[in-house]
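This report refers to the structure that appears directly beneath it.
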Amino acid sequence: KLSINDFEIGRPLGKGKFGSVYLARTKTGHFHCAIKVLFKSQLISGGVEHQLEREIEIQSHLQHPNIIRLYNYFWDAKKIYLILEYAPGGEMYKQLTTQKRFTEAMAGKYMYEIADALSYCHRKNVIHRDIKPENLLIGAQGELKIGDFGWSVHAPSNKRQTMCGTMDYLPPEMVNGNSHSDAVDLWAIGVLCYEFLVGKPPFEHENQADTYSAIKAGRFTYPDFVKKGARDLIGKLLVVDPRRRCSLQEVKDHYWVTSMLDSCR
Ligand code: ADP
Ligand code: MG
Ligand code: MG
C-alpha cells in the first residue's frame, strides 16, 4: 500500500480552501506528480467530506489530455493525500493576470481544448459546474487542463439545486434557482471565452444585485477590440435559455475556433 513515505516532497504549488498542493516525486522511479494534502479535521468541520469523496470518485475515472489525472489517493490518521498529474505551466488564472488578456489564437485554442475535455465529461454524465480560470492549469505543452473537480457531479445521481461557484460564472437558470443540466458548463465556457479575450468576466459589476440582473437578462457588452468571430461564438454560449445554447461539438467546429487552430500551426 502506498504512503507519504514513498514520495519526496518539493516546493508548494498552491493552496486551496481545504488543501495544500506540493510538487513531489516518487522515491523509486523519480516520477513527478502533485500531491494535494487535506486535513480530515478541516474537511469535517467544513462539512465537505462527501464533496471530496465525489471529487475522488469522478476525477479518478477521467482520462483525457485536457484533464488533470488523479492517479491515486491514500490517507493516514490526520490527512488525506491525492496524487495528481503535475501541471508545470501552473494556473491559468496567473497567466491571465500577468498577460492581462490572451491573443485570439490562444483563446481559440483553449476553447477547443476545454470543449473537447467537457464533451468527454458530459459523455460520462459528469457536469463540472465550476469552470473558471482558477480551476484551470497549464500542461507542459502549454495545453489547458481542467484541474479541480470539487463541485462536479455525476448527473444521474444528483438532482439537487445547489448554489455553487463564484457568482461571475453562474448561469441564469441557477440564479433563478431552477434545476440545472450539463448546459451550465456551456454558459461557463462562454464567460471563460469572454474573460480570456477581455481580461474580465462579462457580468462583473460593482454589486451583486447588478451582476444577478445582468446574468438573468444575458446583458453584457464587448470592448471594441473583440472581433466578430469571437463575438459570434460567445453569443451562442451566453444564451439565457439553457436549451438554446450551442453544443460542445458546435464549439469545436465553430469557424472562429477552427481558424484560430489553423493560425497556431
Ligand atoms: P481547492 O480544491 O482547495 O481549490 P485546488 O485543487 O484548486 O484546491 O488546488 C489549489 C492550487 O494548487 C491550485 O490553484 C494550483 O495553483 C495548485 N495546483 C493544484 N493542482 C495542481 C497540479 N496538478 N499541478 C500544479 N499545480 C496544482
Ligand atoms: Mg480550486
Ligand atoms: Mg476543489
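Confirm whether residue 20 is surrounded by fewer than 18 Cβ atoms within 10 Å (Cβ to Cβ) and within 13 Å of ligand 3 (Cβ to nearest atom).
Numbers: surrounded by fewer than 18 Cβ atoms within 10 Å (Cβ to Cβ): yes; within 13 Å of ligand 3 (Cβ to nearest atom): yes.
In short, yes.
Taking the range 33-56, which residues are within 14 Å of ligand 3 (Cβ to nearest atom) and either of a type in the set (D, E, K, R) or assigned to a helix (DSSP H, G or I) (or both)?
36, 42, 43, 49, 50, 51, 52, 53, 54, 55, 56
Name the one entry in 234, 215, 189 that is aliphatic (A, V, I, L, M), touching a Cys at 6+ places or on another chain (Cβ under 8 Å), under 20 Å from residue 132 (Cβ atoms) and in contact (Cβ under 8 Å) with a residue 40 or more places away in the chain.
On the way: 215 fails: touching a Cys at 6+ places or on another chain (Cβ under 8 Å); 189 fails: touching a Cys at 6+ places or on another chain (Cβ under 8 Å).
Step by step, each of 234, 215, 189 is checked, and only 234 is aliphatic (A, V, I, L, M), touching a Cys at 6+ places or on another chain (Cβ under 8 Å), under 20 Å from residue 132 (Cβ atoms) and in contact (Cβ under 8 Å) with a residue 40 or more places away in the chain.
Taking the range 36-56 as the search range and keeping residues that are without any contact (Cβ under 8 Å) to a residue 24 or more places away in the chain and closer than 19 Å to residue 154 by Cβ, which one is surrounded by the most Cβ atoms within 10 Å (Cβ to Cβ)? Show your work before the answer.
Narrowing the range 36-56 to residues without any contact (Cβ under 8 Å) to a residue 24 or more places away in the chain: 44-45, 47, 49-50, 53.
This time we only want the ones that are closer than 19 Å to residue 154 by Cβ, so: 49-50, 53.
Details: 49: 13, 50: 9, 53: 11.
The selected residue is 49.
Report those strands (runs of 3 or more DSSP E) wholly inside the range 78-162 carrying at least 1 residues which are closer than 26 Å to residue 262 by Cα and modelled with pLDDT of 95 or more. Steps first, please.
Numbers: elements: 79-84, 136-138, 144-146.
By residue number, 136-138, 144-146.
Of a type outside the set (S, T, N, Q), touching a residue at least 24 places away in the same chain (Cβ under 8 Å) and surrounded by fewer than 19 Cβ atoms within 10 Å (Cβ to Cβ): is that true of residue 115 in this structure? Step through it out loud before you land on a result.
Working: of a type outside the set (S, T, N, Q): yes; touching a residue at least 24 places away in the same chain (Cβ under 8 Å): yes; surrounded by fewer than 19 Cβ atoms within 10 Å (Cβ to Cβ): no.
When the stated conditions are applied, residue 115 does not pass them.
For residue 80, state whether it is without any contact (Cβ under 8 Å) to a residue 60 or more places away in the chain and either away from ligand 3 (no atom under 16 Å from the Cβ) or closer than 30 Å to residue 123 by Cβ (or both). Give the steps one after another, and end with the answer.
Numbers: without any contact (Cβ under 8 Å) to a residue 60 or more places away in the chain: yes; either away from ligand 3 (no atom under 16 Å from the Cβ) or closer than 30 Å to residue 123 by Cβ (or both): yes.
For residue 80, the condition - without any contact (Cβ under 8 Å) to a residue 60 or more places away in the chain and either away from ligand 3 (no atom under 16 Å from the Cβ) or closer than 30 Å to residue 123 by Cβ (or both) - is met.
Would you say residue 195 is buried (at least 18 other Cβ atoms within 10 Å of the Cβ) and assigned to a helix (DSSP H, G or I)? Walk me through how you get there before you give the answer.
Values: buried (at least 18 other Cβ atoms within 10 Å of the Cβ): yes; assigned to a helix (DSSP H, G or I): yes.
Yes.
Go through (1) surrounded by fewer than 16 Cβ atoms within 10 Å (Cβ to Cβ); (2) touching a residue at least 12 places away in the same chain (Cβ under 8 Å); (3) closer than 26 Å to residue 144 by Cβ; (4) over 16 Å from the mean Cα position of the chain (by Cα) one by one and return the number of the condition residue 31 breaks.
(2)
Exactly one condition in (1) surrounded by 14 or more Cβ atoms within 10 Å (Cβ to Cβ); (2) assigned to a strand (DSSP E or B) is false for residue 11; which is it?
Every listed condition holds for residue 11 apart from (1).
Restricting attention to the range 89-111, does a residue exist that is within 15 Å of ligand 3 (Cβ to nearest atom), more than 26 Å from residue 229 (Cα to Cα) and among the hydrophobic types (A, V, I, L, M, F, W, C)?
Step one: list which residues in the range 89-111 are within 15 Å of ligand 3 (Cβ to nearest atom), which gives 91-93.
Those still in the list that are more than 26 Å from residue 229 (Cα to Cα) too: 91.
Checking the rest, the ones that are also among the hydrophobic types (A, V, I, L, M, F, W, C) come to none.
No, every residue in the range 89-111 fails to be within 15 Å of ligand 3 (Cβ to nearest atom), more than 26 Å from residue 229 (Cα to Cα) and among the hydrophobic types (A, V, I, L, M, F, W, C).
Quick one: is residue 138 within 20 Å of residue 60 (Cβ to Cβ) and either of a type in the set (Val, Ile, Thr) or more than 14 Å from ligand 3 (Cβ to nearest atom) (or both)? First the steps, then the outcome.
Working: within 20 Å of residue 60 (Cβ to Cβ): no; either of a type in the set (Val, Ile, Thr) or more than 14 Å from ligand 3 (Cβ to nearest atom) (or both): yes.
When the stated conditions are applied, residue 138 does not pass them.
Touching a Cys at 6+ places or on another chain (Cβ under 6 Å) and either under 30 Å from residue 155 (Cβ atoms) or loosely packed, with under 15 Cβ neighbours inside 10 Å (or both), is that true of residue 68? Quick ask: steps written out before the conclusion?
Values: touching a Cys at 6+ places or on another chain (Cβ under 6 Å): no; either under 30 Å from residue 155 (Cβ atoms) or loosely packed, with under 15 Cβ neighbours inside 10 Å (or both): yes.
Here the answer is no, as residue 68 does not meet what is asked.
The values are calculated or read from the model by the stated rules, or taken from the named source; none is laboratory data. Treat the numbers as computed from the prediction; the structure is a model and nothing was measured. With ideal geometry, Cβ positions are generated from the backbone for all residues, glycine too; neighbour counts draw on all protein chains shown.
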